[in-house]
Each structure stands twice: as C-alpha cells, then as structure tokens.
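What follows is a single structure, written as structure tokens, with notes after it.
The values are calculated or read from the model by the stated rules, or taken from the named source; none is laboratory data. Treat the numbers as computed from the prediction; the structure is a model and nothing was measured. Note that we place each Cβ from the backbone using ideal geometry, even for glycine, and neighbour counts take in every protein chain shown. The area values use the complete protein model at the heavy-atom level, side chains included, leaving out ligands, DNA and RNA. Shrake-Rupley method; radii C 1.70, N 1.55, O 1.52, S 1.80 Å.
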Amino acid sequence: MKLILAIVNNDDSAAVSANLTNGGFFITKLSTTGGFLQTGNTTLLIGAEDDKVEEIKEIIRESSFTREKSVHTSASFGRGMGLSDISAKTPVRGATVFVLNIESFEKL
C-alpha cells in the first residue's frame, strides 16, 4: 500500500481531482501554500495499492502543466530600483508527487 502526496498547482487542481475521481480513486484535498512563490496549491492525499501508483501518476501528469510565473527579485543592479520594479520568469511545474510506503491502513 502507498500514500501518494501530490502538491498540485491551483490552476490544475480541479482537472487533476476530477480525472482521479473519474478514474475510481478516492482523494482528500488540502489547501496549502508553497514556500518559494508563496502561492496557493492543493495537496492531494491518495491511498493506493502498489500496482495503481503509475496509473495515478500518469493521470496527474496528463492533467497538470508547467507554466511560467513572474517572480519579484531583490536585485536592483545598483540602480536603486524598488522590489516591484524587477521580476524574473521562472518555470512552475503543475505538480510535485511523493510516494510513501504505508505500514498499516485501516478505515475506522
């Protein structure tokens, strides 16, 4: 048995959740905030048998997309520019997935 933690970009969370549910998987959704961009995410908790992990990862992969976001930098290049004057584009993945081994599972 595995526990899959999928941290999904909010822009993709509805599609990922719907596609997992349509695939017959049960999910628990948590609202979370990322540390780097300080933007909202959805963390999905998915319990699955070992042989279903790749199928779940494929659904997540097909339902989430990499995009570019503007990030404000603290570099002023010696010109005294304000923090909001300088930004850089950085790629943001649609999802980050962790797969954990589960020692025990019970529905109580």
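Of note:
- Selected residue (only one of 23, 40, 47 is touching a residue at least 24 places away in the same chain (Cβ under 8 Å), in contact with a Phe, Trp or Tyr (Cβ under 8 Å, 6 or more places away or on another chain) and among the small types (Gly, Ala, Ser)): 47
- Filtered residues of segment 1-20 (kept if in contact (Cβ under 8 Å) with a residue 40 or more places away in the chain and open to solvent by 70 Å² or more (accessible area, probe 1.4 Å)): 11
Yes or no, residue by residue, for (1) modelled with pLDDT of 70 or more; (2) among the basic types (Lys, Arg); (3) within 15 Å of residue 8 (Cα to Cα); (4) open to solvent by 80 Å² or more (accessible area, probe 1.4 Å):
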residue	(1), (2), (3), (4)
46	yes, no, yes, no
50	yes, no, no, yes
54	yes, no, no, yes
58	yes, no, yes, no
63	yes, no, yes, no
71	no, no, no, no
76	no, no, no, no
81	no, no, no, no
85	no, no, no, yes
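- Matching entry among 39, 28 (being of a type in the set (Ser, Thr, Tyr) and either at pLDDT 95 or above or under 18 Å from residue 98 (Cβ atoms) (or both)): 28
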